[in-house]
Structures are given as C-alpha cells and as structure tokens.
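As structure tokens, the structure follows; a few thoughts come after it.
The values are calculated or read from the model by the stated rules, or taken from the named source; none is laboratory data. This is a predicted model, so every value here is computed, not measured. A quick note on method: Cβ atoms are made from the backbone with ideal geometry, for glycine too, and the neighbour counts reach across all protein chains shown. For accessibility, only protein heavy atoms count, side chains too; no ligands or nucleic acids. Shrake-Rupley method; radii C 1.70, N 1.55, O 1.52, S 1.80 Å.
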Amino acid sequence: MRERFAVQLYTLRNEIEADFPGVLKQLQTMGWAGVQMRVPQAYKPAEAARIAKELGIVTAGMHFPIDRLEHDVDGVAAEAELFGTKDIICPYLTEDWRNEEGYRKVKRILTEAAAKLGPAGYRISYHNHDFEFYTQVDGASALEYILDPAGGNPILAEIDVYWVKKAGGDPLAFIDRYAGRMPIIHLKDMTADDKRTFAAIGTGSIDFAPILSWCVNSGVEWLVVEQDVCPGDPMESVKISLDNLNKLADRLEAGAV
C-alpha cells in the first residue's frame, strides 16, 4: 500500500515556490511514492517536468482549472504528458459556477474533454469540496449529478473525504458508490474540536482504516494527502500524515485492523 501514497503539492505551495527541487528531494527522502503535481509560478511546466524527471518523481495526477479544460484542453493534455500522467482533474469552482446552470455546464465541459482526450488514454475526474452538496440538480446533489455513471458518463471521481464529512456525510458510505470509478482519492483529516478544520492524517476525527481497506479493494490507484492549511511547518504535517498512513498500512496488511 505504501507505493500508493502521494502528497498534493498544494499543501506545500509556499515551500515549492521557495525551493521546488529541494522540496521534491525532501519528499523522496521522507518516503512518499509520488506527488500530485503543482507547477510553481517561477517555473514553466517543461522546466518543472525536467526537474521532476531527473529526480525520478512520479506524478499522481494533476489539477487544472475548469476554464483551461473548456478552452485549452489540448494544452492541458500536453502539460500532463510532460509529467507522465494521464489523470486530469478539475479541482475547484469559483462561486459563480456554484448553481444549477454552472454545474450543468461543468458536466458538459468535462464530458467533452473526456470524449476528446479519452482515446489517448487520459482520464478526467472531478474533485469535490462541501459546496457541491448544497445545490440540487435533477434531484441529487451537484456532486452526485456530475459523477452519475448513468449513460456511460466518463467523468470519474476524486473524492475528498474531509469535505464529505464537512458537509455532514459519512465518507466511507459516500465513496462506496464510486468503486471502480475513482483512480485517485484525497485523504484529509478533520480536527475533533468545534472548529472542524484541517489536520494531519491520524490526528483528527476521521477513521481511515476502513477507507484505506476500501481503496485497496475498489480500484483506487493513488491515495493523495492534501492539507489545505497546516498549523505549523507543512513539511512536518506531511511527515506526520505519512508516518501514520504507513503505520495503518502495516496494521491492515497484518490483519490487525
């Protein structure tokens, strides 16, 4: 299972701006199997890709904004190809998209992107927050509408378990419907206090043992840790997350959970 653990570089967005190669080397030393790539502002994608390749960094998918997926899908594919990944994910929607009309447009854009890029082996996924649960489309939450497999829908899931819980859902119950349709999952813990904010894996209120077990049996290829805000040094936060994931993986593999 350790070969599936990756970290989303948004967690280390300030650190990679200061020393991109250095951060990648630290993550390698720490033991991460891959990263979900984020290109620092000071780098062109080709330059960042060259550095990653020289270091032997494996890219576990990339996030691209919806406007690029609508207007620059060929450029998106070319950038993903630089990093050797076929997983392209829409990560976030601004408020002007968060309505029934906006979600219908998002589904159309992602479906068209999948139709164009799918024959070349690319996979298009959608990453959730909590806001998709607050709008109904065709009698379901906007997230369920976008990911509904009916009609051969090619849009895959990149469910973030923290945001499911933030919206009042049960992360394990929710992801169960996407077995075989979620190549990448986002793991993020939630503090057990009233703030219910971001926490390193294993230090909060989410039970990750059944989630990891489900992932192993449900076609999930990458388990990506993302911590939007860290209380201290983000490098220390991702180390805590990886240490706790490795301990949990050992227990699962030993049948102790």
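Normalised by the number of residues in the stretch 88-197, the mean separation of alpha-carbon contacts (under 8 Å, six or more apart) gives a relative contact order of 24 percent. The count of lysine pairs in the chain with alpha-carbon distances below 22 Å, taking only pairs 8 or more places apart or on different chains, stands at 17. Excluding ligands, DNA and RNA, the accessible surface per residue across the chain is 43 Å² with a 1.4 Å probe. Computed per residue of the chain from DSSP H runs no shorter than four, each worth -39500 (n - 2.57), the mean residue ellipticity at 222 nm is -13000 deg cm²/dmol. Quick one: grab the alpha carbon gyration tensor of the stretch 136-219, order the square roots of its eigenvalues as a ≥ b ≥ c, and give me rounded if a/c is under 1.5, else prolate or oblate depending on whether a/b is larger than b/c. Oblate, since a/c reaches 1.5 and b/c is not below a/b. At what distance in angstrom do the alpha carbon centres of the stretch 145-213 and the stretch 48-116 lie from each other? Cα centroid of the stretch 145-213 versus Cα centroid of the stretch 48-116: 20 Å apart. Here the scattering of the stretch 1-158 is modelled by Debye summation over its C-alpha atoms, one equal scatterer each and no solvent; at q = 0.08, 0.16, 0.21 Å⁻¹ the log10 of I(q)/I(0) is -0.25, -0.92, -1.31.
Residue by residue, the stretch 166-171 carries 3J(HN,Hα) couplings of 4, 7, x, x, 9, x Hz when phi is fed to the Karplus relation 6.51 cos²θ - 1.76 cosθ + 1.60 (θ = phi - 60°); x denotes Gly or Pro.
Helix screen, the chain: DSSP H segments with Cα axial length of 18 Å or more and mean Kyte-Doolittle hydropathy at least -1.0 are 13-30, 100-117, 234-253. Coupling constants for the stretch 223-229 follow from the phi torsions by the Karplus curve (6.51 cos²θ - 1.76 cosθ + 1.60, θ = phi - 60°), and in residue order they are 10, 9, 8, 9, 10, 4, 9 Hz; glycine and proline get x. Each peptide among 16-22, 77-83 gets the average number of other Cβ atoms lying within 10 Å of its residues, and from highest to lowest they stand as 77-83, 16-22. Expressed as a whole percent, the accessible area of the chain that falls on carbon and sulfur atoms is 49 (1.4 Å probe). Under a 5 Å amide H cut-off, with hydrogens placed 1.01 Å from N, Asp189 pairs with Ala199, Ile201 among residues at least 5 apart or on other chains. Between Lys239, Lys195, Lys105, the GNM of the chain built on Cα springs shorter than 10 angstrom shows Lys195 fluctuating the most.
Close amide H pairs (under 5 Å, H built 1.01 Å from N) link Thr135 with Ala142, residues at least 5 positions away or on another chain. Distances between placed amide hydrogens fall under 5 Å for Arg123 paired with Asp87, Ile88, all partners being 5 or more residues away or on another chain.
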